[in-house]
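Here the structure is laid out as structure tokens; the discussion comes afterwards.
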Amino acid sequence: MQSDPMTLTLFAPLFGAILAFLFPRAARALGLVAVLVTGGAVVWLARAVLAEGAVTLALGGWAPPLGISLRADGLSVAMLAMTAAVGLLVSLGALDALRDARQTRYFWPLWLLLLTGMNGVYLSTDIFNLYVMIEVIALAAVGLTVLSGTRAALRAGLEYMYASILGALLFLMGVGFVYLQLGRLDFAGLITAEPSGALSAALALMVVGLALKTALFPLHFWLPAAHANATAPASALLSGLVVKAALYIFLRLTTYMPLPDEVLVTLIGTLGAGAVIWGGIQALRAERLKLLVAWSTVVQIGLIFIAFARAGQVGLTESWKAAALLILAHGVAKAAMFLAAGRIKDEVGHDTIRELDKSAIRPTLAQFTFALAAISLIGLPPSLGFIGKWSLMEGAMAAGYWHWVGVTMIGTLLSVAYFSRVLAGFLRFDRVRAPLGEHQGWALADVAPLTLAVSAIGLGLLAAPILSFIELGYPFGAMP
Amino acid sequence: MTPDIIYGVTGIAVFAIGLVGALCAQDRLRRVLALKLASVGAGFVLVVAAWRAPPAAPDPVPHALVITGIVVMVSATAVALALIRRLQSLEAEDAE
Amino acid sequence: MIDPYVILDLLLGLAVVALAAAVLTVRDLFAAIVLFIVFGLLSALAWVRLAAPDVALAEAAIGTGLTGALLLKTLHHLRYVTGSLDRQAALSVTPVQPVPMAVIWVNAAFCGLVTLGLAAAFLGAPRNGPGFDALVAEAMPASGVEHPVTAVLLNFRAYDTLMEVVVLLAAVIAVWQIERGLSEAPAPALGEVWAGFARLVLPAIVVIGTYLLWVGAEAPGGAFQGGAVLAAVGLLLLLSRLYVPRPAHRGVARLGFVLGTGAFAAVALLVAGGGRVAFEYPLEHAKTLILLIEGVVTISIAITLAALFHGREPVALSASETRHDA
């Protein structure tokens, strides 16, 4: 048996899921091992990509367009690495956060199937294969959303399921139109295609489907309730990782397929702007901490779409880098923030924002983690979020698109405002009626979110190597 | 007029009907039905795209894709229906 | 002279569209589900007209038959918990506010626009267009099977098919988790005649399912269609109470669910080596391996589909959870 890093990246979580489901009592240990092996496979793959640029593997020995090939370039590996690293830390956090035996035995198989699906998306070069992968992700993600079993979570999960199915069906219809026009489904076929009516229809269908899956304003209606009502580790996975899969597909497809004209790019940016402002206002009004964090995800998704549109159609060859940086930054910071919010809720006993300053219990480390994550999400230096936002605005200024700069600034101010609501609650002590519990809430469970939050800030210092890494194998240059 | 044109337009119309149903149906079960209609519409388009004027045989690849799509859809439907059953039981308990 | 087949196609197309609209507009939910089943069967018929018998079989067995059974079971459960079991025409299962006519018209207009736009794009696309025809024909001798659709599903695009089985696995895990501890609405017990009928037809269905699986290598049929027919055996066993899932059976059930995915993935990995990559079956063993995978996957699909119909994980119910059984 001969192995290769890409196959291992897919099969390690898959076999992990099977074993964790078969042996529920050993699910934690099996799950952790599977996530670790997957991480090792990604490191192995990263070394291969560093050495040779993009690597491809035609599964079954059938070259595309008949067969399906896997391909890894700098951008894929960056997404895989973010997924594996965030996934590992959330897994460690889940060890402590999930104490209920029922939740634990279902969490691991579902999370590992989710990991299989996401890794599959980042390695795929075939649009029908992407459809199957987003369905693997969707079913596992809905399973994780309703893990807590509360009525609110079940309702949110059902809405999420409807949105997911609809998004996938729009995407599938798009696949049908691509086949109708081109007679093939691989990326290489899309790149060489001439613009046509059927391809424009396909692109429109797929973009709307993906916008629904990634919750781009105004198709975000399902996200806040789903992400706010899941258990903390599930929320961290859903917000930090799951929405990124559809964003990544969006990035690839819009770059590969012939775009009708700049109107579409501007429209996408405008929807992004709508998300930044509407999401910001909703985050200001949110009563519960986890709901605020969920609305901040809507804002960040909008920002990523603005990054995509920042320099118009001519700038697309550069804009994806700003979008990719923001995707990575948000993945790490949002996972940290949701885990921290879960810890705060566990320790304080509730997550009503207005009551936070009345609490005598102050889970200091979790609060500190929350603040660090907020720094990256607001976009203060030296965090990775700052580099992403800066690269967004730099490109917009260079193209003379001051409206995108303006929207980004407004979004930043809004985010300062809504995160301040929370941070003020952490720092005020004058409304506390009981003796303060000293050193409350220092727990091993704080290690995972803190590590994530520190990484979100520290990765900003590594922005230059990250940028040169994602360009390896020319993700959007000439395809082999 | 050939079957591909007739059934192509049929599929697109069914897809659009399902789309509208999924967006505005209020009943939970009816929304599942609407989504299922949309999936059959998408299946129509792929099967039509595979059709070749006789005596040529159709392209087998889209057929395989539609079969995959059908299995994926029944999985998603089953999960949605399980959620509906659970929710309805809980809501009936609340109402008692 | 108009070709009579054109008239058939036109009528069938119109009927399918009208049924789709009726599914969403008829007031009674039970009627909607029945109309949906008719819609599915007519769609399958249309696909036979388009020379896609495999797809038609899959749609009739899984997309319509099994989905219809799932829908009816859910409707029964909903009527049971809301206490409207005896009411023949429960209008809907969730409280519904009347929709303003304006909203309906806006939606209908939207539906029309989508249809027009997509139809224009469809009519502008090439007819008898480019496809995989030549590539498949060229690769068939090296596929190990004679039926092209099976070759695509289990060889050329086997990776997609593996992931499709993974979707089924994810679904059954999610359903078990969602409905855990949920008590079942008492099923309408099959009468004496039906129970006798079930005993009579069960062996016949097993034979049909196995036959579909077996011919899949050379003719229309295969793992998914065969699996769905075998799942019908499971449904009959469950409905006739010839089999009642027990907590002690969970281990076997879990094994049944993961068997297809596990065996498929293991074979895909184990064939790699000596210059071959994953999913690359050595030509001399291709047919054996494909039949092996199909056989195991069929059994696993049948168990999984039957479990999706049954729903909840069979656990010992605690006192608080058995309330509905009283």
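Filtering the range C:269-303 to residues that are more than 21 Å from C:W214 (Cα to Cα) and part of a helix (DSSP H, G or I) leaves C:L269, C:L270. Only one of the numbered conditions (1) of a type in the set (A, V, I, L, M); (2) over 27 Å from C:G117 (Cα atoms); (3) crowded, with 24+ Cβ neighbours inside 10 Å is violated by B:V45, and that is (2). Of everything in the range C:56-83 that is free of Cβ contacts under 8 Å to residues at least 12 places away in the same chain and facing chain B (nearest Cβ under 7 Å), the residue that is surrounded by the fewest Cβ atoms within 10 Å (Cβ to Cβ) is C:T82.
Condition check ((1) closer than 27 Å to A:V121 by Cβ; (2) of a type outside the set (G, A, S); (3) within 21 Å of the chain's Cα centre (by Cα)) across all residues:
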{"residue": "C:G112", "(1), (2), (3)": "no, no, no"}
{"residue": "C:G117", "(1), (2), (3)": "no, no, no"}
{"residue": "C:V136", "(1), (2), (3)": "yes, yes, no"}
{"residue": "C:A142", "(1), (2), (3)": "no, no, no"}
{"residue": "C:V149", "(1), (2), (3)": "yes, yes, yes"}
{"residue": "C:A158", "(1), (2), (3)": "yes, no, yes"}
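Reported count of residues in the range A:374-392, each being at negative phi, surrounded by 24 or more Cβ atoms within 10 Å (Cβ to Cβ) and outside any helix (DSSP H, G or I), is 1. For A:S455, the test of being in contact (Cβ under 8 Å) with a residue 12 or more places away in the chain, of a type outside the set (D, E), in a helix (DSSP H, G or I) and more than 29 Å from A:E287 (Cβ to Cβ) is passed. The condition of being among the aliphatic types (A, V, I, L, M), over 24 Å from the mean Cα position of the chain (by Cα) and either over 26 Å from C:V166 (Cα atoms) or facing chain C (nearest Cβ under 7 Å) (or both) holds for only one of B:A78, B:A82, B:A64, B:A56, that being B:A56.
Considered as a group, the residues in the range B:14-27 that are touching a Leu at 6+ places or on another chain (Cβ under 7 Å) and crowded, with 23+ Cβ neighbours inside 10 Å include one that is farthest from the other protein chains (Cβ to nearest Cβ), and that residue is B:G18. Mind checking whether some residue in the range A:178-198 is aromatic (F, W, Y), under 20 Å from B:V40 (Cα atoms) and modelled with pLDDT of 95 or more? Yes, some residue in the range A:178-198 is aromatic (F, W, Y), under 20 Å from B:V40 (Cα atoms) and modelled with pLDDT of 95 or more. Can you confirm whether A:A140 is within 19 Å of the chain's Cα centre (by Cα), at the interface with chain C (Cβ under 10 Å from one of its Cβ atoms) and closer than 20 Å to C:V166 by Cα? Against the criterion (within 19 Å of the chain's Cα centre (by Cα), at the interface with chain C (Cβ under 10 Å from one of its Cβ atoms) and closer than 20 Å to C:V166 by Cα), A:A140 qualifies. A single member of A:G87, A:G117, A:G60 is facing chain C (nearest Cβ under 10 Å), within 15 Å of the chain's Cα centre (by Cα) and assigned to a helix (DSSP H, G or I), and it is A:G117.
Yes or no, residue by residue, for (1) free of Cβ contacts under 8 Å to residues at least 24 places away in the same chain; (2) closer than 15 Å to A:L10 by Cα; (3) among the charged types (D, E, K, R); (4) buried (at least 24 other Cβ atoms within 10 Å of the Cβ):
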site: A:S91; (1), (2), (3), (4): no, no, no, no
site: A:A94; (1), (2), (3), (4): no, no, no, yes
site: A:D100; (1), (2), (3), (4): yes, no, yes, no
site: A:T104; (1), (2), (3), (4): no, no, no, no
site: A:Y122; (1), (2), (3), (4): no, yes, no, yes
site: A:V132; (1), (2), (3), (4): yes, yes, no, yes
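Among the residues of this structure, A:G149 does not count as one that is closer than 30 Å to C:A121 by Cα and in contact with a helix residue (DSSP H, G or I) (Cβ under 9 Å, 6 or more places away or on another chain).
The values are calculated or read from the model by the stated rules, or taken from the named source; none is laboratory data. Keep in mind that this is a model prediction, so the values were computed, not measured. Every residue, glycine among them, receives a Cβ derived from its backbone with ideal geometry; neighbour counts consider all protein chains shown.
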